[in-house]
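Data first, discussion second: the structure below is written as structure tokens.
The values are calculated or read from the model by the stated rules, or taken from the named source; none is laboratory data. These figures come from a predicted structure and were not determined experimentally. Cβ atoms come from the backbone with ideal geometry, glycine included; neighbour counts cover every protein chain shown. Ligands, DNA and RNA are excluded from the accessible area calculation, which covers all protein heavy atoms including side chains. Shrake-Rupley method; radii C 1.70, N 1.55, O 1.52, S 1.80 Å.
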Amino acid sequence: MYIIMITPECAPVAKVGGLGDVVQGLSRELQVRGNDVEIILPKYDCMRYDQIWGLEKTYSDLWVPYHDQWFHCDVYFGFVDGLKCFFIDDHSDKNFFNRGLFYGNHDDPERFAFFCRAALEFMLKTNKHPEIIHCHDWQTGLVPVLLFETYKHYGMTHPRVCYTLHNLRHQGVTGEQILRQVGLNPAHYMNQDRLQDNFNPSAVNLMKGGIVYSNFVTTVSPKYADEIKYSDLGCGLQHTLYVHGLKFGGILNGVDYNVWNPEIDQHIACRYSIDSIEDKYKNKDALRHRLWLSDGFKPIVSVISRLDHQKGVELIRHTVFHSLANGCQVVLLGSSPDPDINNEFWGLKHFLNDNPDCHLEIGYNEELAHMIYAGADMIVIPSAFEPCGLTQMTAMKYGTVPIVRNTGGLASTVFDADHAWKPYHERNGYVFNDFNNEGLESALHRAIDMWYSHPQNFQELMANGMRCDYSWNYPGEHYLNIYNHIRE
Ligand code: ADP
């Protein structure tokens, strides 16, 4: 099958969070299964160009219609992790993709609306007729709208669209001028059945457009699919998802075990598997050495996270102090685009600077993330909500026991050592319900106690996690079933 992903992120070149990992991992799985996969991305100035192989201009002078003008672009081609990627390079004075960041500009809706139009224009001009276009999140919500309302009339009648919602918190709600900019008449689209926001009648909701116009809509875990349809985690799109419920479902993301796998990981001090689990402790020593932590008989509690309210920043802060007070070492790797949160964690870092049991790394560091997954004993993920969450699944592959809040994909993948409905050999971590300090402590205490008092049982939990198969194998098959279903 010929599949084109249109996406704002793809790891490792352009990754802000899990969306980048998902595009990379799913595309790889589809490719390994014999499908022809191509990826279209913006050519951001801040990409990891060192991770693109053979980058070269493949299409010159792509003129993209935009707001009564034609914007000039070139398209580059290169391989990312063996995947065929096309990068749209915009030369207009708007400089849409040369901003030194992926997201965070006041005109983000405009930047990505342009990207949608440019991606389709590129496909039209180069006669690309994939069976499936798979697009992701609000940034590409206009792709199915433009395909079925505009590009279909230019002969692009073949592709069917699968649209994946990675996080309903960000929907691309913006003014109606965005429609005119991509050549759509607002009078036709500003109604409740189409792109009008469900709460603000004068605003366009790009994610809603993607849901309404796609042939199939997925989100990244079955539990989150229910949560966004039936609770306020739908952030106003509950009704839209309900109306389109017959073409909507949740598929748990996978983890790319070619990248995240202690048996082959290039970034860690000592490779290991479930059969050589004791070698994990060499990675614990290496992590301590790298971060100047003291040696000693203590568990390392870790956090690897975007520092944002969704991820429970207050509970992350509490994790640091509570773990230190209860005989643990703490390693945190995190960053935030919000300067207030970043400053708070920089303050915390300075405050704890001389503590030999604690290291806070404020920033984004892929290599250190590998070392932490391999070297830590536990990882804490106290999210307010979590569509899927890759961190807990990745941690389990490395035998690092997750301590998570009972929400979304965390609830679908982590089964409590003491309270789960699963048999003991399928329990793999600790889960808490209440989004407050007491809730967190209720799980953290049990984990620390198990580590100190029943090391044998703790190792069993580690092994249970390592045995779980959260690869792309099942989700890959699931997506292919959906693609086949919408092609019929
Ligand atoms: P989200 O997409 O909401 O950020 P996920 O759990 O789905 O959360 O994915 C997060 C991904 O980003 C994981 O691969 C995690 O290892 C990685 N990650 C998060 N913060 C950092 C960081 N500061 N440095 C390196 N990797 C990070």
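At a Förster radius of 22 Å, what calculated FRET efficiency corresponds to the Cβ-Cβ distance of E438 and E344, to the nearest 0.05?
E(calc), rounded to 0.05, equals 0.50.
Lysines near K280 by alpha-carbon distance under 20 Å, same-chain residues fewer than 8 away left out - which ones? Here the lysines satisfying the reach criterion relative to K280 are K298, K397.
What shape does the range 184-241 take by its C-alpha gyration tensor, where a ≥ b ≥ c are the square roots of the eigenvalues and a/c under 1.5 counts as rounded, a/b above b/c as prolate, and the rest as oblate? Since a/c reaches 1.5 but b/c is at least a/b, the shape of the range 184-241 is classed as oblate.
Counting charges near Y479 (Lys, Arg +1; Asp, Glu -1) among other residues having Cβ under 12 Å from its Cβ returns a value of -1.
From the Cα gyration tensor of the range 274-467, with a ≥ b ≥ c the square roots of its eigenvalues, which class applies: rounded if a/c is under 1.5, or else prolate if a/b is larger than b/c, or else oblate? Oblate, because a/c is 1.5 or more while a/b does not exceed b/c. I need the fraction of alpha carbon pairs in the range 148-212 separated by more than 17 Å, rounded to a whole percent. Roughly 45 percent, once rounded to a whole number. Taking a Cβ cut-off of under 10 Å around F97, the surrounding Lys, Arg, Asp and Glu residues balance to a net charge of +1, with basic ones at +1 and acidic ones at -1. Applying a threshold of 18 Å to the alpha-carbon distances of K208/K247; K15/K94; K43/K84; K43/K94; K284/K311 flags K15/K94; K284/K311 as lying beyond it.
The amide H of T58, built 1.01 Å from its N in the peptide plane, has V75, Y76, F77 as neighbours under 5 Å, considering only residues 5 or more places off or on other chains.
Under the criterion of Cα pairs below 8 Å and six or more residues apart, the relative contact order for the range 274-467 equals 21 percent. An ellipsoid equivalent to the range 51-199, defined through the eigenvalues of its Cα gyration tensor, has semi-axes of 24, 18, 17 Å when rounded to whole angstrom and sorted largest first. With only the Cα atoms considered, the range 363-488 has a convex hull volume of 139 Å³ per residue.
Measuring nothing but how far apart in sequence close Cα pairs (under 8 Å, 6+ apart) lie, relative to its length, the range 153-257 scores a relative contact order of 28 percent.
Ordering I277, N428, G409 by Cα displacement along the dipole of the range 274-467 toward the positive end leaves I277 in first place; charges were set at the Cβ atoms of Lys, Arg (+1) and Asp, Glu (-1).
In the full protein context, the chain carries 39 Å² of accessible surface per residue, based on a 1.4 Å probe and ignoring ligands, DNA and RNA. Taking every DSSP beta bridge that has both ends in the chain, the antiparallel portion is near 30%. Take the chain, drop everything but the C-alpha atoms, weight them equally and run the Debye formula without solvent; then report log10 I(q)/I(0) at 0.08, 0.11 Å⁻¹ to two decimals. Log-scaled intensity ratios, in q order: -0.49, -0.91.
Take every Cα-Cα pair in the range 211-264 and report what % of them are more than 15 Å apart.
53
Taking 0.36 nm per residue of sequence separation and subtracting the Cα-Cα distance, how much length would be gained by fully extending the chain between Y59 and T157, in nm to one decimal?
Answer, rounded to one decimal: 33.0 nm.
How high is the relative contact order of the chain? Use alpha-carbon pairs under 8 Å, at least six apart in sequence, and give a whole percent. Taking the mean separation of contacting Cα pairs over the length of the chain, I get 12 percent. Once you divide the Cα radius of gyration of the range 291-362 by 2.2 N^0.38 Å, the number left is 1.05. Stretched out straight at 0.36 nm per residue, the stretch from D279 to V32 would grow longer than its current Cα-Cα span by 85.9 nm.
Near F216, once Lys and Arg are set to +1 and Asp and Glu to -1 for all other residues with Cβ below 14 Å from its Cβ, the sum equals +1. Exposed loop sites here mean chymotrypsin sites (Phe, Trp or Tyr not before Pro) with a DSSP loop assignment and at most 16 other beta-carbon atoms within 10 Å; the chain contains its longest site-free run at 1-102. Here the range 245-400 exposes an accessible surface that is 52 percent carbon and sulfur, computed with a 1.4 Å probe and the other protein chains kept in place. Dimensions of the range 195-328 along the principal axes, based on C-alpha atoms and rounded to the nearest Å, stand at 59, 34, 21, largest first.
Would the range 261-308 count as rounded, prolate or oblate if I go by the C-alpha gyration tensor, calling it rounded below 1.5 in a/c and otherwise prolate when a/b exceeds b/c, oblate otherwise? Oblate, since a/c reaches 1.5 and b/c is not below a/b. In this label model, E263 and H425 are separated by 1.9 nm, measuring between points 7 Å along each Cα→Cβ vector. In this simple spin-label approximation, N127 and Y452 carry label points 7 Å from Cα along the Cα→Cβ vector, and these lie 7.1 nm apart.
What number in nm² do you get for the range 94-179 if you take the convex hull of its Cα atoms and divide its surface by four?
Mean orientational projected area (the range 94-179, Cα hull): 6.2 nm².
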